[in-house]
Number of protein chains: 2
Amino acid sequence: MARDSEATRARILDAAEAEFAAYGIAGSRVDRIADAAQANKALIYKYFGTKDELFDAVFAHRVLAFVDEVEFDATDLPGYAGRSFDLYERFPTTLRLTTWYQLERPDGKLPAIVASNDAKLAKIEEAQRAGRLTSAYSPLELLTEVRALAMSWHLHTPELALVRRPSRARCREIVVESVRRLVAQA
Amino acid sequence: MARDSEATRARILDAAEAEFAAYGIAGSRVDRIADAAQANKALIYKYFGTKDELFDAVFAHRVLAFVDEVEFDATDLPGYAGRSFDLYERFPTTLRLTTWYQLERPDGKLPAIVASNDAKLAKIEEAQRAGRLTSAYSPLELLTEVRALAMSWHLHTPELALVRRPSRARCREIVVESVRRLVAQA
DNA sequence: CTAAAGCAAGTAACTAGTTAGTTGTCTTTT
DNA sequence: AAAAGACAACTAACTAGTTACTTGCTTTAG
(Lines give C-alpha, C1' and ligand atoms only; values in the text may rest on other atoms or scores of the structure.)
Protein backbone atom coordinates (compact mmCIF):
# COMPACT_ATOMS: atom_id res chain seq x y z
CA MET A 1 0.00 0.00 0.00
CA ALA A 2 1.63 3.20 -1.13
CA ARG A 3 -0.68 6.09 -0.30
CA ASP A 4 -3.93 6.27 1.56
CA SER A 5 -6.45 4.97 -0.93
CA GLU A 6 -9.08 4.40 1.74
CA ALA A 7 -9.19 8.08 2.56
CA THR A 8 -9.47 8.97 -1.11
CA ARG A 9 -12.30 6.49 -1.57
CA ALA A 10 -14.10 8.01 1.38
CA ARG A 11 -13.71 11.54 0.06
CA ILE A 12 -15.07 10.46 -3.32
CA LEU A 13 -18.02 8.73 -1.69
CA ASP A 14 -18.88 11.81 0.35
CA ALA A 15 -18.63 14.15 -2.59
CA ALA A 16 -20.66 11.79 -4.74
CA GLU A 17 -23.38 11.57 -2.15
CA ALA A 18 -23.81 15.32 -2.07
CA GLU A 19 -23.74 15.54 -5.86
CA PHE A 20 -26.21 12.71 -6.45
CA ALA A 21 -28.57 13.94 -3.76
CA ALA A 22 -28.64 17.35 -5.41
CA TYR A 23 -28.80 16.40 -9.08
CA GLY A 24 -29.70 12.73 -9.44
CA ILE A 25 -27.81 10.34 -11.66
CA ALA A 26 -28.41 11.96 -15.03
CA GLY A 27 -27.89 15.45 -13.67
CA SER A 28 -24.71 14.74 -11.72
CA ARG A 29 -21.30 15.54 -13.19
CA VAL A 30 -18.36 13.30 -12.54
CA ASP A 31 -16.00 16.26 -12.91
CA ARG A 32 -17.81 18.10 -10.16
CA ILE A 33 -17.53 15.08 -7.90
CA ALA A 34 -13.80 14.82 -8.58
CA ASP A 35 -13.32 18.50 -7.85
CA ALA A 36 -15.29 18.38 -4.62
CA ALA A 37 -13.45 15.25 -3.50
CA GLN A 38 -10.10 16.77 -4.43
CA ALA A 39 -9.42 13.56 -6.29
CA ASN A 40 -8.63 12.81 -9.87
CA LYS A 41 -11.49 11.75 -12.08
CA ALA A 42 -9.67 8.63 -13.23
CA LEU A 43 -9.58 7.41 -9.64
CA ILE A 44 -13.34 7.46 -9.50
CA TYR A 45 -13.48 5.10 -12.45
CA LYS A 46 -10.72 2.96 -11.00
CA TYR A 47 -12.41 2.56 -7.61
CA PHE A 48 -16.07 2.56 -8.49
CA GLY A 49 -16.52 1.81 -12.19
CA THR A 50 -19.20 3.70 -14.10
CA LYS A 51 -21.29 6.59 -12.85
CA ASP A 52 -24.24 4.27 -12.29
CA GLU A 53 -22.11 1.96 -10.21
CA LEU A 54 -20.83 4.89 -8.20
CA PHE A 55 -24.42 5.86 -7.48
CA ASP A 56 -25.20 2.35 -6.33
CA ALA A 57 -22.21 2.41 -4.01
CA VAL A 58 -23.30 5.74 -2.56
CA PHE A 59 -26.88 4.65 -2.18
CA ALA A 60 -26.11 1.31 -0.57
CA HIS A 61 -23.72 3.01 1.83
CA ARG A 62 -26.16 5.65 2.96
CA VAL A 63 -29.25 3.49 3.05
CA LEU A 64 -27.62 0.75 5.07
CA ALA A 65 -26.36 3.27 7.58
CA PHE A 66 -29.90 4.59 7.76
CA VAL A 67 -31.54 1.20 8.17
CA ASP A 68 -29.01 0.25 10.83
CA GLU A 69 -29.70 3.36 12.80
CA VAL A 70 -33.45 3.08 13.17
CA GLU A 71 -34.53 0.11 15.19
CA PHE A 72 -37.64 -1.70 14.01
CA ASP A 73 -40.16 -2.85 16.59
CA ALA A 74 -43.29 -4.37 15.12
CA THR A 75 -45.14 -4.05 18.42
CA ASP A 76 -44.48 -0.31 18.44
CA LEU A 77 -45.04 0.95 14.92
CA PRO A 78 -45.85 4.50 16.05
CA GLY A 79 -42.44 4.63 17.70
CA TYR A 80 -40.80 3.29 14.56
CA ALA A 81 -42.51 5.94 12.47
CA GLY A 82 -41.34 8.62 14.87
CA ARG A 83 -37.74 7.44 14.73
CA SER A 84 -37.90 7.29 10.95
CA PHE A 85 -39.20 10.85 10.92
CA ASP A 86 -36.26 11.88 13.11
CA LEU A 87 -33.77 10.41 10.67
CA TYR A 88 -35.43 12.03 7.68
CA GLU A 89 -35.00 15.30 9.52
CA ARG A 90 -31.38 14.62 10.41
CA PHE A 91 -30.29 13.29 7.03
CA PRO A 92 -32.41 14.96 4.39
CA THR A 93 -30.23 13.58 1.62
CA THR A 94 -31.31 10.04 2.38
CA LEU A 95 -34.83 10.55 1.14
CA ARG A 96 -33.63 12.41 -1.92
CA LEU A 97 -31.23 9.62 -2.79
CA THR A 98 -33.98 7.08 -2.29
CA THR A 99 -36.30 9.02 -4.56
CA TRP A 100 -33.70 9.34 -7.30
CA TYR A 101 -33.08 5.65 -6.92
CA GLN A 102 -36.75 4.84 -7.41
CA LEU A 103 -37.01 7.07 -10.43
CA GLU A 104 -33.77 6.32 -12.17
CA ARG A 105 -33.09 2.72 -11.20
CA PRO A 106 -36.51 1.08 -11.28
CA ASP A 107 -35.01 -2.37 -11.80
CA GLY A 108 -32.34 -2.18 -9.13
CA LYS A 109 -32.73 -4.52 -6.20
CA LEU A 110 -30.15 -4.13 -3.50
CA PRO A 111 -29.95 -7.45 -1.62
CA ALA A 112 -29.46 -5.68 1.69
CA ILE A 113 -32.68 -3.75 1.23
CA VAL A 114 -34.61 -6.81 0.17
CA ALA A 115 -33.35 -8.61 3.27
CA SER A 116 -34.21 -5.69 5.51
CA ASN A 117 -37.74 -5.57 4.12
CA ASP A 118 -38.22 -9.27 4.52
CA ALA A 119 -37.07 -9.10 8.12
CA LYS A 120 -39.53 -6.32 8.87
CA LEU A 121 -42.41 -8.15 7.23
CA ALA A 122 -41.60 -11.28 9.21
CA LYS A 123 -41.49 -9.35 12.46
CA ILE A 124 -44.86 -7.80 11.71
CA GLU A 125 -46.35 -11.19 11.00
CA GLU A 126 -44.96 -12.56 14.22
CA ALA A 127 -46.36 -9.67 16.25
CA GLN A 128 -49.74 -10.21 14.62
CA ARG A 129 -49.71 -13.91 15.46
CA ALA A 130 -48.86 -13.03 19.04
CA GLY A 131 -51.86 -10.73 19.10
CA ARG A 132 -49.69 -7.71 19.83
CA LEU A 133 -50.52 -5.94 16.57
CA THR A 134 -53.72 -5.44 14.62
CA SER A 135 -54.50 -8.07 12.02
CA ALA A 136 -56.79 -5.76 10.09
CA TYR A 137 -53.97 -5.28 7.57
CA SER A 138 -51.42 -7.62 6.08
CA PRO A 139 -47.73 -7.04 6.93
CA LEU A 140 -47.08 -5.41 3.54
CA GLU A 141 -50.13 -3.22 3.94
CA LEU A 142 -49.01 -2.06 7.36
CA LEU A 143 -45.44 -1.37 6.30
CA THR A 144 -46.65 0.59 3.28
CA GLU A 145 -48.93 2.90 5.24
CA VAL A 146 -46.55 3.38 8.16
CA ARG A 147 -43.77 4.38 5.80
CA ALA A 148 -45.94 6.80 3.88
CA LEU A 149 -46.97 8.48 7.12
CA ALA A 150 -43.40 8.63 8.41
CA MET A 151 -42.26 10.55 5.35
CA SER A 152 -45.44 12.56 4.87
CA TRP A 153 -43.77 15.84 5.82
CA HIS A 154 -40.93 15.30 3.42
CA LEU A 155 -43.11 14.73 0.37
CA HIS A 156 -44.30 18.30 0.07
CA THR A 157 -44.40 19.93 -3.33
CA PRO A 158 -42.59 23.26 -3.52
CA GLU A 159 -45.98 24.93 -3.57
CA LEU A 160 -47.16 23.43 -0.28
CA ALA A 161 -43.83 24.26 1.29
CA LEU A 162 -44.83 27.90 0.94
CA VAL A 163 -47.34 27.41 3.73
CA ARG A 164 -45.56 27.52 7.04
CA ARG A 165 -44.92 24.05 8.38
CA PRO A 166 -45.68 23.30 12.02
CA SER A 167 -42.74 22.88 14.40
CA ARG A 168 -40.63 19.79 14.06
CA ALA A 169 -41.96 18.44 17.36
CA ARG A 170 -45.53 18.93 16.21
CA CYS A 171 -44.87 17.20 12.89
CA ARG A 172 -43.36 14.27 14.71
CA GLU A 173 -46.31 14.10 17.08
CA ILE A 174 -48.70 13.98 14.14
CA VAL A 175 -46.79 11.18 12.47
CA VAL A 176 -46.75 9.12 15.65
CA GLU A 177 -50.40 9.82 16.42
CA SER A 178 -51.61 8.99 12.93
CA VAL A 179 -49.79 5.65 12.99
CA ARG A 180 -51.29 5.00 16.40
CA ARG A 181 -54.74 5.54 14.95
CA LEU A 182 -53.90 3.34 12.01
CA VAL A 183 -52.93 0.34 14.12
CA ALA A 184 -55.51 0.90 16.87
CA GLN A 185 -57.70 -2.14 17.30
CA ALA A 186 -61.12 -1.19 15.99
CA MET B 1 -50.73 17.96 -45.96
CA ALA B 2 -52.25 20.96 -44.26
CA ARG B 3 -50.22 22.67 -41.58
CA ASP B 4 -51.67 22.73 -38.12
CA SER B 5 -49.56 24.28 -35.42
CA GLU B 6 -52.04 23.35 -32.71
CA ALA B 7 -51.75 19.68 -33.58
CA THR B 8 -47.98 19.90 -33.69
CA ARG B 9 -47.90 21.59 -30.31
CA ALA B 10 -50.08 18.85 -28.91
CA ARG B 11 -47.87 16.12 -30.35
CA ILE B 12 -44.81 17.76 -28.84
CA LEU B 13 -46.51 18.06 -25.47
CA ASP B 14 -47.51 14.41 -25.49
CA ALA B 15 -44.08 13.20 -26.51
CA ALA B 16 -42.44 15.46 -23.94
CA GLU B 17 -44.70 14.16 -21.20
CA ALA B 18 -43.68 10.58 -21.89
CA GLU B 19 -40.02 11.51 -22.12
CA PHE B 20 -39.94 13.62 -18.96
CA ALA B 21 -41.92 11.06 -16.98
CA ALA B 22 -39.42 8.41 -17.96
CA TYR B 23 -36.14 10.29 -17.65
CA GLY B 24 -36.69 13.52 -15.72
CA ILE B 25 -35.44 16.88 -16.90
CA ALA B 26 -31.71 16.21 -16.91
CA GLY B 27 -32.12 12.75 -18.40
CA SER B 28 -34.53 13.72 -21.16
CA ARG B 29 -33.27 14.36 -24.68
CA VAL B 30 -34.85 17.05 -26.79
CA ASP B 31 -33.92 15.12 -29.93
CA ARG B 32 -35.83 12.10 -28.68
CA ILE B 33 -38.87 14.24 -27.98
CA ALA B 34 -38.70 15.70 -31.47
CA ASP B 35 -38.44 12.25 -33.01
CA ALA B 36 -41.33 10.85 -31.00
CA ALA B 37 -43.48 13.87 -31.80
CA GLN B 38 -42.53 13.69 -35.46
CA ALA B 39 -41.72 17.34 -35.21
CA ASN B 40 -38.59 19.33 -35.84
CA LYS B 41 -36.48 20.23 -32.85
CA ALA B 42 -36.48 23.92 -33.72
CA LEU B 43 -40.26 23.96 -33.37
CA ILE B 44 -39.95 22.82 -29.80
CA TYR B 45 -37.74 25.80 -29.04
CA LYS B 46 -40.04 28.09 -30.96
CA TYR B 47 -43.20 26.95 -29.20
CA PHE B 48 -41.95 26.24 -25.73
CA GLY B 49 -38.57 27.88 -25.18
CA THR B 50 -35.89 25.99 -23.28
CA LYS B 51 -36.04 22.40 -22.08
CA ASP B 52 -36.88 23.56 -18.57
CA GLU B 53 -39.73 25.66 -19.86
CA LEU B 54 -41.00 22.73 -21.87
CA PHE B 55 -41.03 20.67 -18.70
CA ASP B 56 -42.99 23.36 -16.91
CA ALA B 57 -45.53 23.42 -19.71
CA VAL B 58 -45.90 19.65 -19.60
CA PHE B 59 -46.16 19.59 -15.83
CA ALA B 60 -48.68 22.41 -15.57
CA HIS B 61 -50.78 20.79 -18.27
CA ARG B 62 -50.89 17.36 -16.64
CA VAL B 63 -51.23 18.55 -13.08
CA LEU B 64 -54.05 20.92 -13.81
CA ALA B 65 -55.93 18.21 -15.64
CA PHE B 66 -55.37 16.02 -12.62
CA VAL B 67 -56.50 18.61 -10.11
CA ASP B 68 -59.56 19.39 -12.18
CA GLU B 69 -60.57 15.78 -12.35
CA VAL B 70 -60.62 14.96 -8.65
CA GLU B 71 -63.20 16.81 -6.71
CA PHE B 72 -62.21 17.99 -3.23
CA ASP B 73 -64.70 17.63 -0.43
CA ALA B 74 -63.35 18.64 2.97
CA THR B 75 -66.20 16.90 4.73
CA ASP B 76 -65.30 13.63 3.05
CA LEU B 77 -61.52 13.31 3.09
CA PRO B 78 -61.59 9.51 2.88
CA GLY B 79 -63.52 9.81 -0.37
CA TYR B 80 -61.05 12.40 -1.64
CA ALA B 81 -58.14 10.09 -0.83
CA GLY B 82 -59.87 7.24 -2.65
CA ARG B 83 -60.46 9.33 -5.75
CA SER B 84 -56.84 10.51 -5.67
CA PHE B 85 -55.73 6.91 -5.46
CA ASP B 86 -57.87 6.11 -8.49
CA LEU B 87 -56.21 8.82 -10.52
CA TYR B 88 -52.72 7.75 -9.50
CA GLU B 89 -53.66 4.33 -10.78
CA ARG B 90 -55.08 5.67 -14.02
CA PHE B 91 -52.31 8.14 -14.79
CA PRO B 92 -49.10 6.77 -13.34
CA THR B 93 -47.05 9.41 -15.11
CA THR B 94 -48.59 12.15 -12.99
CA LEU B 95 -46.85 11.10 -9.80
CA ARG B 96 -43.56 10.58 -11.61
CA LEU B 97 -43.76 14.05 -13.12
CA THR B 98 -44.60 15.50 -9.74
CA THR B 99 -41.64 13.76 -8.15
CA TRP B 100 -39.23 14.96 -10.84
CA TYR B 101 -40.67 18.41 -10.34
CA GLN B 102 -39.99 18.30 -6.61
CA LEU B 103 -36.47 17.07 -7.12
CA GLU B 104 -35.39 19.12 -10.08
CA ARG B 105 -37.38 22.32 -9.67
CA PRO B 106 -37.36 22.95 -5.93
CA ASP B 107 -37.93 26.65 -6.38
CA GLY B 108 -40.74 26.44 -8.90
CA LYS B 109 -44.11 27.67 -7.80
CA LEU B 110 -46.90 27.23 -10.27
CA PRO B 111 -49.60 29.79 -9.44
CA ALA B 112 -52.37 27.35 -10.32
CA ILE B 113 -51.06 24.84 -7.81
CA VAL B 114 -50.63 27.45 -5.12
CA ALA B 115 -54.22 28.56 -5.71
CA SER B 116 -55.51 25.01 -5.65
CA ASN B 117 -53.74 24.35 -2.35
CA ASP B 118 -55.06 27.53 -0.82
CA ALA B 119 -58.58 26.64 -1.87
CA LYS B 120 -58.30 23.20 -0.27
CA LEU B 121 -56.89 24.61 2.96
CA ALA B 122 -59.70 27.14 3.12
CA LYS B 123 -62.32 24.45 2.59
CA ILE B 124 -60.82 22.34 5.34
CA GLU B 125 -60.86 25.27 7.72
CA GLU B 126 -64.46 25.99 6.88
CA ALA B 127 -65.48 22.37 7.45
CA GLN B 128 -63.70 22.44 10.78
CA ARG B 129 -65.49 25.61 11.86
CA ALA B 130 -68.77 24.01 10.90
CA GLY B 131 -67.87 21.08 13.12
CA ARG B 132 -68.02 18.66 10.19
CA LEU B 133 -64.35 17.74 10.38
CA THR B 134 -61.97 17.00 13.24
CA SER B 135 -60.08 19.95 14.65
CA ALA B 136 -57.36 17.77 16.10
CA TYR B 137 -55.15 18.80 13.20
CA SER B 138 -54.62 22.06 11.38
CA PRO B 139 -55.69 22.26 7.73
CA LEU B 140 -52.10 21.90 6.49
CA GLU B 141 -51.54 18.95 8.79
CA LEU B 142 -54.64 17.19 7.51
CA LEU B 143 -53.85 17.81 3.87
CA THR B 144 -50.30 16.55 4.34
CA GLU B 145 -51.30 13.26 5.94
CA VAL B 146 -54.24 12.62 3.63
CA ARG B 147 -52.03 13.11 0.61
CA ALA B 148 -49.30 10.86 1.91
CA LEU B 149 -51.83 8.10 2.53
CA ALA B 150 -53.44 8.54 -0.88
CA MET B 151 -50.14 7.97 -2.64
CA SER B 152 -48.77 5.41 -0.20
CA TRP B 153 -48.98 2.55 -2.70
CA HIS B 154 -47.14 4.50 -5.33
CA LEU B 155 -44.13 5.33 -3.20
CA HIS B 156 -42.74 1.81 -3.10
CA THR B 157 -39.04 1.27 -3.57
CA PRO B 158 -38.17 -1.26 -6.28
CA GLU B 159 -37.31 -3.70 -3.52
CA LEU B 160 -40.71 -3.57 -1.84
CA ALA B 161 -42.37 -3.89 -5.22
CA LEU B 162 -40.98 -7.41 -5.33
CA VAL B 163 -43.49 -8.42 -2.69
CA ARG B 164 -46.85 -8.99 -4.33
CA ARG B 165 -49.12 -6.02 -3.88
CA PRO B 166 -52.73 -6.56 -2.80
CA SER B 167 -55.44 -6.09 -5.41
CA ARG B 168 -56.21 -2.60 -6.55
CA ALA B 169 -59.56 -2.66 -4.79
CA ARG B 170 -57.95 -3.72 -1.54
CA CYS B 171 -55.29 -1.01 -1.78
CA ARG B 172 -57.98 1.56 -2.34
CA GLU B 173 -59.96 0.27 0.61
CA ILE B 174 -56.90 0.57 2.84
CA VAL B 175 -56.28 4.14 1.75
CA VAL B 176 -59.89 5.12 2.42
CA GLU B 177 -60.01 3.30 5.72
CA SER B 178 -56.76 4.74 7.00
CA VAL B 179 -57.90 8.27 6.24
CA ARG B 180 -61.17 7.50 7.96
CA ARG B 181 -59.24 6.51 11.06
CA LEU B 182 -57.11 9.61 10.80
CA VAL B 183 -60.05 12.02 10.80
CA ALA B 184 -62.23 10.02 13.20
CA GLN B 185 -63.22 12.13 16.19
CA ALA B 186 -61.30 10.69 19.13
C1' DC C 1 13.44 -1.36 -6.49
C1' DT C 2 8.72 -2.17 -7.00
C1' DA C 3 3.98 -1.95 -6.79
C1' DA C 4 0.30 0.74 -6.08
C1' DA C 5 -1.55 5.63 -5.94
C1' DG C 6 -2.24 9.42 -8.42
C1' DC C 7 -2.70 12.62 -12.31
C1' DA C 8 -2.63 15.70 -16.86
C1' DA C 9 -4.16 15.46 -21.06
C1' DG C 10 -6.72 13.46 -24.01
C1' DT C 11 -10.96 11.46 -27.19
C1' DA C 12 -15.12 10.12 -29.18
C1' DA C 13 -19.64 10.81 -28.67
C1' DC C 14 -23.30 13.55 -27.39
C1' DT C 15 -26.44 17.70 -26.55
C1' DA C 16 -28.98 22.10 -26.05
C1' DG C 17 -29.86 25.55 -28.75
C1' DT C 18 -29.38 28.31 -33.52
C1' DT C 19 -29.50 29.56 -38.32
C1' DA C 20 -30.64 30.27 -42.79
C1' DG C 21 -33.58 28.76 -45.90
C1' DT C 22 -38.00 26.19 -47.93
C1' DT C 23 -42.87 25.13 -48.30
C1' DG C 24 -47.69 25.75 -47.79
C1' DT C 25 -51.68 28.90 -47.11
C1' DC C 26 -54.16 32.95 -46.83
C1' DT C 27 -54.81 37.93 -48.30
C1' DT C 28 -54.49 41.68 -51.34
C1' DT C 29 -54.23 43.77 -55.72
C1' DT C 30 -55.23 44.06 -60.50
C1' DA D 1 -59.96 34.93 -61.45
C1' DA D 2 -55.13 35.03 -61.18
C1' DA D 3 -50.83 36.76 -60.00
C1' DA D 4 -48.11 38.82 -56.23
C1' DG D 5 -47.02 39.50 -51.67
C1' DA D 6 -47.02 38.40 -46.72
C1' DC D 7 -46.51 35.40 -43.24
C1' DA D 8 -46.52 31.32 -40.50
C1' DA D 9 -45.17 26.37 -40.34
C1' DC D 10 -41.61 23.71 -41.02
C1' DT D 11 -36.80 21.71 -41.85
C1' DA D 12 -31.71 20.15 -42.48
C1' DA D 13 -27.56 21.19 -41.08
C1' DC D 14 -24.77 23.28 -37.94
C1' DT D 15 -22.26 25.25 -33.67
C1' DA D 16 -20.20 25.61 -29.49
C1' DG D 17 -19.81 23.51 -25.55
C1' DT D 18 -20.17 19.41 -22.56
C1' DT D 19 -19.66 14.60 -20.91
C1' DA D 20 -18.40 9.91 -19.62
C1' DC D 21 -14.63 7.43 -19.86
C1' DT D 22 -9.33 6.25 -21.10
C1' DT D 23 -4.32 6.32 -21.67
C1' DG D 24 0.28 6.76 -20.59
C1' DC D 25 3.19 8.61 -17.50
C1' DT D 26 4.89 10.34 -12.77
C1' DT D 27 5.11 10.14 -7.79
C1' DT D 28 5.28 7.99 -3.41
C1' DA D 29 5.75 4.69 0.35
C1' DG D 30 7.70 0.46 2.00
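The values are calculated or read from the model by the stated rules, or taken from the named source; none is laboratory data. In this text the structure is predicted, and so the values were computed from the model without any measurement. Positions of Cβ are generated from backbone atoms using ideal geometry, with glycine treated the same way; all protein chains shown enter the neighbour counts. For the accessible areas, the whole protein counts, side chains as well, though only heavy atoms, and no ligand, DNA or RNA atoms are used. Shrake-Rupley method; radii C 1.70, N 1.55, O 1.52, S 1.80 Å.
Numbers at a glance
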| quantity | calculated |
| --- | --- |
| Search result, residues across the stretch B:163-180 that are touching a residue at least 24 places away in the same chain (Cβ under 8 Å) and open to solvent by 10 Å² or more (accessible area, probe 1.4 Å) | B:Arg168, B:Arg172, B:Val176, B:Glu177, B:Arg180 |
| Residue within the stretch A:11-19 that is more than 30 Å from A:Gly82 (Cα to Cα) and in contact with a Lys or Arg (Cβ under 8 Å, 6 or more places away or on another chain) present | no |
| Selected residue (only one of B:Arg11, B:Arg90 is not aromatic (Phe, Trp, Tyr) and not assigned by TED's automatic domain parsing to the domain that holds B:Leu182) | B:Arg11 |
| Top-ranked residue in the stretch A:11-29 [being open to solvent by less than 10 Å² (accessible area, probe 1.4 Å) and away from every other protein chain (no Cβ under 14 Å); ranked as farthest from DNA strand C (Cβ to nearest atom)] | A:Ala16 |
| Pairs, first outside the structural domain of A:His156 (by TED's automatic domain parsing) in the stretch A:99-116, second at pLDDT 85 or above and of a type in the set (A, V, I, L, M), C-beta under 6 Å, six or more apart | none |
| Matching entry among B:Thr93, B:Thr99, B:Thr75 (being open to solvent by 40 Å² or more (accessible area, probe 1.4 Å), of a type in the set (S, T, N, Q) and assigned to a helix (DSSP H, G or I)) | B:Thr93 |
| Subset of the stretch A:35-52 (residues that are away from DNA strand C (no atom under 12 Å from the Cβ) and surrounded by 12 or more Cβ atoms within 10 Å (Cβ to Cβ)) | A:Ala36, A:Phe48, A:Gly49, A:Lys51, A:Asp52 |
| Conditions (1) open to solvent by 60 Å² or more (accessible area, probe 1.4 Å); (2) away from chain A (no Cβ under 14 Å); (3) more than 9 Å from DNA strand D (Cβ to nearest atom); (4) touching a helix residue (DSSP H, G or I) at 6+ places or on another chain (Cβ under 7 Å): number failed by B:Arg32 | (2) |
| Matching residues in the stretch A:102-119 - criterion: being open to solvent by less than 50 Å² (accessible area, probe 1.4 Å) and within 11 Å of B:Glu159 (Cβ to Cβ) | A:Gln102, A:Gly108, A:Leu110, A:Ala112, A:Ile113, A:Val114, A:Ser116, A:Asn117 |
| Filter result for A:Asp4 (free of Cβ contacts under 8 Å to residues at least 40 places away in the same chain, within 29 Å of B:Asp107 (Cβ to Cβ) and either within 9 Å of DNA strand C (Cβ to nearest atom) or open to solvent by 20 Å² or more (accessible area, probe 1.4 Å) (or both)) | no |
| Residues of the stretch A:83-117 satisfying the condition of being among the aromatic types (Phe, Trp, Tyr) and more than 10 Å from chain B (Cβ to nearest Cβ) | A:Phe85, A:Tyr88, A:Phe91 |
| In the stretch A:71-98, the residues that are in contact with a helix residue (DSSP H, G or I) (Cβ under 6 Å, 6 or more places away or on another chain), within 17 Å of A:Gly24 (Cβ to Cβ) and of a type in the set (Ser, Thr, Tyr) | A:Thr93, A:Thr94 |
| Residue match in the stretch B:145-162 (condition: modelled with pLDDT under 95, in a loop (DSSP other than H, G, I, E, B), among the β-branched types (Val, Ile, Thr) and open to solvent by less than 60 Å² (accessible area, probe 1.4 Å)) | yes |
| In the stretch A:78-90, the residues that are open to solvent by 30 Å² or more (accessible area, probe 1.4 Å) and within 29 Å of A:Ala130 (Cβ to Cβ) | A:Arg83, A:Asp86 |
| Residue in the stretch A:61-78 that is within 13 Å of DNA strand D (Cβ to nearest atom) and either of a type in the set (D, E, K, R) or in contact (Cβ under 8 Å) with a residue 40 or more places away in the chain (or both) present | no |
